[in-house]
1. Within the stretch 57-79, is even one residue over 29 Å from Ala115 (Cα atoms), open to solvent by 100 Å² or more (accessible area, probe 1.4 Å) and in contact (Cβ under 8 Å) with a residue 40 or more places away in the chain?
2. Could you grab me the full set of residues in the stretch 43-53 that are surrounded by 11 or more Cβ atoms within 10 Å (Cβ to Cβ) and free of Cβ contacts under 8 Å to residues at least 12 places away in the same chain?
3. When you scan the stretch 80-99, how many residues do you find that are farther than 20 Å from Val114 by Cα and among the small types (Gly, Ala, Ser)?
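The values are calculated or read from the model by the stated rules, or taken from the named source; none is laboratory data. This one's a predicted model, so the numbers in the text were calculated from it and none came from an experiment. All Cβ positions, even for glycine, are placed from backbone atoms using ideal geometry, and neighbour counts span all protein chains on display. Surface areas here come from the heavy atoms of the whole protein model, side chains and all, with no ligands, DNA or RNA. Shrake-Rupley method; radii C 1.70, N 1.55, O 1.52, S 1.80 Å.
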Amino acid sequence: MLQDKEIPVLDEDRLSEDPAAAGAGAAESGSLKSQLAGLVEDVRVLAYAEVEYYRTKLSVNMAATKRIVTLAGVGLIFGVMAIIALILGLLLVLADFVGPLAATGIVTGLALLVAAVTLGMATKQAKKLPLDETDA
């Protein structure tokens, strides 16, 4: 994006001049109106460059964010599959000892207990979060 567009920069000759001579030359070279027009143009170029910089930075960050979210989603899916396999394994093992109905009750009760404890912890931590800048 940024490479395709030509952004004017400060003139190197103006930068290498003596500051005292530059002040006298500026008074002779142009009126206040032309100096203000030059200043406005410089600000416009700076603003355009800043917008392009942040646009490029955002596009790079968005690509990385998409990749991270995709990897996290795949990891989450495999984690849920592992938990389901664990629960089914517990059901099969407990069914031999206490019967299928009791095994289902035990595994369901334990799963609900773990869910309730984790949701309680999440709720407690969520209540501690600041809601706006004045709370922080």
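1. Within the stretch 57-79, not a single residue is over 29 Å from Ala115 (Cα atoms), open to solvent by 100 Å² or more (accessible area, probe 1.4 Å) and in contact (Cβ under 8 Å) with a residue 40 or more places away in the chain.
2. Leu46
3. Final tally of qualifying residues: 2.
Results for (1) surrounded by fewer than 10 Cβ atoms within 10 Å (Cβ to Cβ); (2) modelled with pLDDT under 90; (3) not small (Gly, Ala, Ser), shown as yes or no for each residue.
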residue: Leu88; (1), (2), (3): no, no, yes
residue: Leu91; (1), (2), (3): no, no, yes
residue: Leu94; (1), (2), (3): no, no, yes
residue: Ala103; (1), (2), (3): no, no, no
residue: Ile106; (1), (2), (3): no, no, yes
residue: Gly120; (1), (2), (3): no, no, no
residue: Ala126; (1), (2), (3): yes, yes, no
residue: Pro130; (1), (2), (3): yes, yes, yes
